[in-house]
Amino acid sequence: MSTPAVSSGDLGAQRIAFAVMVALLLLAPLVVYPVFMMKVMCFALFACAFNLLIGFGGLLSFGHAMFLGSAGYASAHAAKIWGFTPELAILFGTVVALAIGVLAGLLAIRRQGIYFAMITLALAQMIFFVALQAKFTGGEDGIQSVPRGRLFGVIDLAQPMAMYSLVTFVFLAGFVLVWRVVHSPFGQVLKAIRENEPRAISLGYDADRYKLVAFVISGGVAGLAGATKALVFQLASLTDVHWTMSGEVVLMTLLGGLGTIFGPVVGAAIIITMQNYLAQLGAWVTVVQGVIFVICVLAFRRGVIGELGNWLKKPL
Amino acid sequence: MTMKTKFKLAATAVAAALACIAGPAAAQVSDGVIKIGVMNDMSGLYADVTGPGSLLAARMAVEDFGAARKGMKVEVLSADHQNKPDVGSTLARTWYDVDKVDAIFDVPTSSVALAISQLTREKGKAFINSGAATSDLTGKACSPNTIHWTYDTWMLANGTGSAIVKNGGDSWFFLTADYAFGHALERDTEAVVLKNGGKVLGKVRTPFPGSDFSSFLLQAQASKAKIIGLANAGGDTINSIKQASEFGIVKGGQKLAGMLVFISDIHGLGLNTAQGLIYTETFYWDLNDQTRAWTKRFVAQNNNKYPTMVHAGVYSSVLHYLKAVEAAKTDDGTKVVAQMKAMPTDDPLFGKGSIRADGRKMHPAYLVEVKKPSESKGPYDYEKVLATIPAEQAFRPLKDGECPLVK
Amino acid sequence: MEIFGVPTQALYGQLLIGLINGSFYALLSLGLAVIFGLLNIINFTHGAQYMMGAFVAYLMLNKLGLGYWWALLLAPLVVGATGVAIERLMLSRLYKLDHLYGLLLTFGLALIIQGLFRNEYGSSGQPYQMPSELTGAQNVGFMFLPYYRGWIIVTSLVICLATWYVIERTKLGSYLRAATENPKLVQAFGINVPLMITLTYGFGVALAAFAGVMAAPIYQVSPQMGADLIIVVFAVVVIGGMGSIMGAIVTGFGLGLIEGLTKVFYPEASNIVIFVIMVIVLLIKPAGLFGVQK
């Protein structure tokens, strides 16, 4: 998908934005319910991962829920049944997501555009049905009462601020990872492939390999978000592998701004807040989300951060 | 969200301060207000079974209790959990932490109910469930903060299963929704059928969620079993019943046994299609004068839709909860639940009953059959009661539940 | 006589059921294939439009007293008109952009439509009376085939073949196909290409609505009825070859049969089998079974 060209030239604005974001995250628990913030961070990370693939790689995956959900199940299972400490559980979940990323990527990467999207959707559906049937996932019940445990065996994560600190750390680490990937030589080649694949190939780059690596990283970071989320809510459920979750992350990224660095974070924050506020209204949430989709596609393609960046003439 | 939360915190502080100055009774109730949360599916699969009807039932209970007269402030909140455990548990968390809700009611969908039961225990609040089916709530997952009202899977399986077998339906074929709830229902019902001397001729797992059951119904028809047990719920049940009628299954002599059916489902199907269906309920609006009188009040405020047993359960449970709070002079969850178990229950809908140590509310169950269109004389006149199952037999014996609270 | 432990009687019954389901898949994927094949638009709203067809039929019966046969004719027209509106007002702006924006737009529209209907009607589903002319069943030896189900197979075959014929074998169809390949050139010949595109989209949508009316008497009319179906239909279209009309028809019926067989031997997998096939086909023949690599 073509997105506004993001020149890596001026990083100053991005650094300022990063500092603002960190400050907000540190101060937020004073005024905002911490569990809400943790939810926002997990989804923001999920959206950042997704954005890496579509915004910078030009590949629309309609099955990203498979990473979020599988990692969630893996980490929940590890923490509850195998008694892993939280950091190992999260690690385990991420590794599972990476593995799925490799397998799915090998199958999907060969195709482009709509076919790529359809393959990812099909694979995600298969994972959904496996999750529905498999004993260990608990089907409709999901994996419940997942213990948060003690970080490194020492820090009790039942304390809200301890958990909050962990999630903030994980989010910032994942965010910085995506940032570094985007601004690295690897990221540059990826963008080149997105803009004009035949030319990139003629320059000697193995486009398929780059796309596969991007897919795996995207899946892994999405898995990191899912694994952490399972511990925050102490629950892993089918919602996280359902195709509507794949649609939601598309919405968050689109609203925030495809191909921007901070777009997914803002998009996730807006959507989660809206879902919270409108929770009483039930099905209206779906309608509002649909309306946002339509408006963004028709008239607001740059997204919130994209428009802001365009106005400031600085890439964000 | 920020401003609202700040305002709420401030308001709570002021209320708490005032509560300390107020009289002794009020001082024991947190913030001076008893906050009740009715959480269910407001717009999805179970909206007609629970939904806004449950909220109405809760409000009626608060009114009938006479909270205002007794100087007790009661507030009723509601929320939609969309049948998702993560939405439900986040809502419950916010309710308990931020909104200072004292007790949560209703909550259909077993997966959500289990999540909320666990959370309620951690926070020391109260959870009185009317909508969910899983008998684990008073079994393996029982808790000193949870009470299970209305019905559960054991009661459904035993009520419907044993009554049908005793009435001659001794060969069964199961259509089972292929997820945990369906499996549990099938397992429990099969056990009952076998125990009562019946046979299970076959079973088929239907993909969940599904919309077309013709292929599975054909298999059921071919088995020539007298009874086709529908171990499913909601849309699956409605679709399987509709399609069974299409394929002439009931006309061909086989009977359908719905393991989990509500009067709203019958209303959705129409008597033409649903006639002859057998199932178990714990409340029917037309049982006696008291239920009829209450239903009249309910219907007037509920868009002419008649109450399901879940609505009745919410009314009954809120009423008893408030009585317990009054008697215990506190709204601390664990203490109130203990008080609820100590007091016998009595209300116009379920009559006299009690709550066991494992949190199971005891009341009689009714085996009902759907009337033929010619037998129905008025709106929602759908059911005829075939048998009444006394409370002690309707629910799982205390010792079989594996509840850690029960020694 | 038994095949793999299943008596042939029962097997024939299941295959016939499979054929019936395949009729729905074929009808729905036909609409999608027409829209994608000729317009390169991925119409995610298709499931919602199928649902609207069923609801229009329901409303016509309950508010206007117009029965099934009227609905079969009018519901597709009504919903097709909404499709025309969508195309004129929204989709046409996206043609210059990446096709995936069209997907996202129609996805958003599907959310809106489904959400609105859910708000109004809840999720339980409304009953719709089967037309009296088609009630009853015929004993075909191995099973009782309800007349209505037989009607579905026949109608579906007729509509599918008629559509295929128009698009592949008539002059109108050839204009449509030419317009997809080279709109400017065809327009230069004096053919009103935008109008053709709009009407084609409307026709595809009308097909979805038609399938919805056919479904109303046997499935509950519920706002969710299209939501999970659409994913399967996408898979069908992709397997058949995204632009191929015949591919969609053949794959639709074929999938119905395969699903029917899976339900007999291994029911738990019947939801997954289509996706497994899709992945295999995409790996071996990426353009689909009947598709042409563009």
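The values are calculated or read from the model by the stated rules, or taken from the named source; none is laboratory data. Since we're looking at a predicted model, the values are computed, not measured. Neighbour counts run over all protein chains shown; Cβ positions are idealised from the backbone, glycine included.
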- Residue that is nearest to residue C:238 (Cα to Cα), among those in the range C:37-68 that are hydroxyl-bearing (Ser, Thr, Tyr) and within 16 Å of the chain's Cα centre (by Cα): C:45
- Among residues of the range C:207-231, those that are surrounded by fewer than 23 Cβ atoms within 10 Å (Cβ to Cβ) and either in contact with a Cys (Cβ under 8 Å, 6 or more places away or on another chain) or closer than 29 Å to residue C:282 by Cα (or both), counted: 5
- Does any residue of the range B:300-320 turn out to be within 14 Å of chain C (Cβ to nearest Cβ), at positive phi and out of contact with any Cys (no Cβ under 6 Å at 6 or more places or on another chain)? yes
- Are any of the residues in the range B:242-252 assigned to a strand (DSSP E or B) and either of a type in the set (Ser, Thr, Tyr) or surrounded by fewer than 22 Cβ atoms within 10 Å (Cβ to Cβ) (or both)? no
- Query: Quick check, is residue C:183 within 14 Å of another protein chain (Cβ to nearest Cβ), touching a helix residue (DSSP H, G or I) at 6+ places or on another chain (Cβ under 9 Å) and over 16 Å from residue C:33 (Cα atoms)?
  - Reply: no
- Message: I'd like the full set of residues that are within 12 Å of another protein chain (Cβ to nearest Cβ), in contact with a helix residue (DSSP H, G or I) (Cβ under 6 Å, 6 or more places away or on another chain) and not polar (S, T, N, Q), limited to the range A:271-280.
- Response: A:272, A:278
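Per-residue answers, yes or no, for (1) touching a Leu at 6+ places or on another chain (Cβ under 9 Å); (2) more than 22 Å from residue B:106 (Cβ to Cβ); (3) in the same structural domain as residue B:307 (by TED's automatic domain parsing):
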site	(1), (2), (3)
B:329	no, yes, yes
B:343	no, no, yes
B:347	yes, no, yes
B:350	no, no, yes
B:358	yes, no, yes
B:380	no, no, no
B:383	no, yes, no
- Tally, over the range A:139-178, of residues that are in contact with a strand residue (DSSP E or B) (Cβ under 8 Å, 6 or more places away or on another chain) and without any contact (Cβ under 8 Å) to a residue 60 or more places away in the chain: 2
- Residues satisfying the stated conditions in the range B:30-63, i.e. assigned to a loop (DSSP other than H, G, I, E, B) and in contact with a Pro (Cβ under 7 Å, 6 or more places away or on another chain): B:41, B:42, B:46, B:49, B:50
- Task: Could you list all residues from the range C:241-276 that are buried (at least 19 other Cβ atoms within 10 Å of the Cβ), of a type in the set (A, V, I, L, M), over 15 Å from residue C:21 (Cα atoms) and within 10 Å of chain A (Cβ to nearest Cβ)?
- Result: C:242, C:272
- Item | Filter result for residue C:73 (more than 8 Å from every other protein chain (Cβ to nearest Cβ), buried (at least 24 other Cβ atoms within 10 Å of the Cβ) and at negative phi) | no
- Message: Show me the helices (runs of 4 or more DSSP H) found entirely inside the range C:168-283 where at least 1 residues are closer than 27 Å to residue C:117 by Cβ.
- Response: C:193-215, C:227-240, C:245-265
- Any strands (runs of 3 or more DSSP E) falling wholly within the range B:142-225 and containing at least 3 residues that are surrounded by fewer than 24 Cβ atoms within 10 Å (Cβ to Cβ), touching a strand residue (DSSP E or B) at 6+ places or on another chain (Cβ under 9 Å) and not assigned by TED's automatic domain parsing to the domain that holds residue B:49: B:199-206
- Query: Among the residues of the range C:79-103, how many are without any contact (Cβ under 8 Å) to a residue 60 or more places away in the chain and either at the interface with another protein chain (Cβ under 8 Å from one of its Cβ atoms) or not in a helix (DSSP H, G or I) (or both)?
  - Reply: 10
- Task: Return yes when residue B:129 is in contact with a Leu (Cβ under 7 Å, 6 or more places away or on another chain) and modelled with pLDDT of 90 or more and no when it is not.
- Result: yes
- Query: residue B:225: more than 7 Å from every other protein chain (Cβ to nearest Cβ), among the small types (Gly, Ala, Ser) and either in contact with a Cys (Cβ under 9 Å, 6 or more places away or on another chain) or free of Cβ contacts under 8 Å to residues at least 40 places away in the same chain (or both), yes or no?
  - Reply: no
- Note on the structure: Subset of the range A:234-249, residues facing another protein chain (nearest Cβ under 7 Å) and surrounded by 24 or more Cβ atoms within 10 Å (Cβ to Cβ), comes to A:235, A:237
- Item | Top-ranked residue of the range A:254-270 - restricted to ones that are under 16 Å from residue A:171 (Cα atoms) and more than 14 Å from chain B (Cβ to nearest Cβ), ranked as surrounded by the most Cβ atoms within 10 Å (Cβ to Cβ) | A:264
- Count - residues of the range B:123-136 that are in contact with a Phe, Trp or Tyr (Cβ under 9 Å, 6 or more places away or on another chain) and not in a loop (DSSP other than H, G, I, E, B): 6
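So that you can scan it fast, the table gives a plain yes or no per residue for (1) in contact with a helix residue (DSSP H, G or I) (Cβ under 7 Å, 6 or more places away or on another chain); (2) more than 14 Å from chain A (Cβ to nearest Cβ):
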{"position": "C:119", "(1), (2)": "yes, no"}
{"position": "C:126", "(1), (2)": "yes, yes"}
{"position": "C:131", "(1), (2)": "yes, yes"}
{"position": "C:138", "(1), (2)": "yes, yes"}
{"position": "C:145", "(1), (2)": "yes, yes"}
{"position": "C:150", "(1), (2)": "no, yes"}
- Note on the range B:92-110: residues without any contact (Cβ under 8 Å) to a residue 60 or more places away in the chain and surrounded by 24 or more Cβ atoms within 10 Å (Cβ to Cβ) are B:92
- Would you be able to say whether some residue in the range C:36-44 is within 12 Å of another protein chain (Cβ to nearest Cβ) and assigned to a helix (DSSP H, G or I)? yes
- Note on the structure: Residue pairs qualifying under the 6 Å Cβ cut-off, at least six apart or on distinct chains, with the first in the range B:158-178 being more than 21 Å from residue B:237 (Cβ to Cβ) and the second being buried (at least 24 other Cβ atoms within 10 Å of the Cβ) and at pLDDT below 85, are none
- Task: Could you run through the range C:176-232 and say how many residues are without any contact (Cβ under 8 Å) to a residue 40 or more places away in the chain and β-branched (Val, Ile, Thr)?
- Result: 4
- Does residue C:25 meet the test of being modelled with pLDDT of 90 or more and assigned to a helix (DSSP H, G or I)? yes
- Heads up, the strands (runs of 3 or more DSSP E) in the range B:261-364 (entirely inside) with at least 2 residues that are under 18 Å from the mean Cα position of the chain (by Cα) and without any contact (Cβ under 8 Å) to a residue 60 or more places away in the chain are B:345-347, B:351-355
- Among (1) part of a helix (DSSP H, G or I); (2) more than 12 Å from chain B (Cβ to nearest Cβ); (3) over 12 Å from the mean Cα position of the chain (by Cα) - the single one residue C:30 does not satisfy: (3)
